[in-house]
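Okay, structure first, notes after.
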Amino acid sequence: VQLQASGGGLVQAGGSLRLSCAASGTIFRANVMGWYRQAPGKQRELVASITGLGNTNYTDSVKGRFTISRDNAKNTVYLQMNSLKPEDTAVYYCRADSSAFGGGASWGQGTLVTVSS
């Protein structure tokens, strides 16, 4: 499984970014797709996840600001990030998990999001 994340960058507080993660080498619909982030000196944390049927889950700190979505025809998952805050600064990773169908989990390479105050 290969995951290619993109869309990170530098943005001012209050701005928006959209992250994309394209998957290959897997039956995309069978994967729960997740976005995680890791800030300097902190543990990696789950930001949002979405099942193959479109059920979503968000960590409390991003509810109402971030939206995860997927396009199963394009094998791509997105993370729309609005009202960004400096504390959202982190490396964002996408993850594909097909363990429910006997597969494993894979990580993308990460994309850096920097939010300036």
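The values are calculated or read from the model by the stated rules, or taken from the named source; none is laboratory data. Since the structure is predicted, the reported quantities are computational estimates derived from the model, not experimental observations. A quick note on method: Cβ atoms are made from the backbone with ideal geometry, for glycine too, and the neighbour counts reach across all protein chains shown. Keep in mind that these areas ignore ligands, DNA and RNA; they rest on the heavy atoms of the full protein, side chains included. Shrake-Rupley method; radii C 1.70, N 1.55, O 1.52, S 1.80 Å.
Couple of notes before you dig in:
- Hits in the stretch 1-21 - residues which are of a type in the set (S, T, N, Q) and either surrounded by fewer than 16 Cβ atoms within 10 Å (Cβ to Cβ) or in contact with a Lys or Arg (Cβ under 6 Å, 6 or more places away or on another chain) (or both): GLN2, GLN4, SER6, GLN12, SER16
- Filter result for the condition that a residue is open to solvent by 50 Å² or more (accessible area, probe 1.4 Å), among the hydroxyl-bearing types (Ser, Thr, Tyr) and under 14 Å from the mean Cα position of the chain (by Cα), over THR56, THR89: THR56
- Matching option when the condition is of a type outside the set (A, V, I, L, M, F, W, C), surrounded by 13 or more Cβ atoms within 10 Å (Cβ to Cβ) and more than 30 Å from SER116 (Cβ to Cβ), among ARG70, ARG29: ARG29
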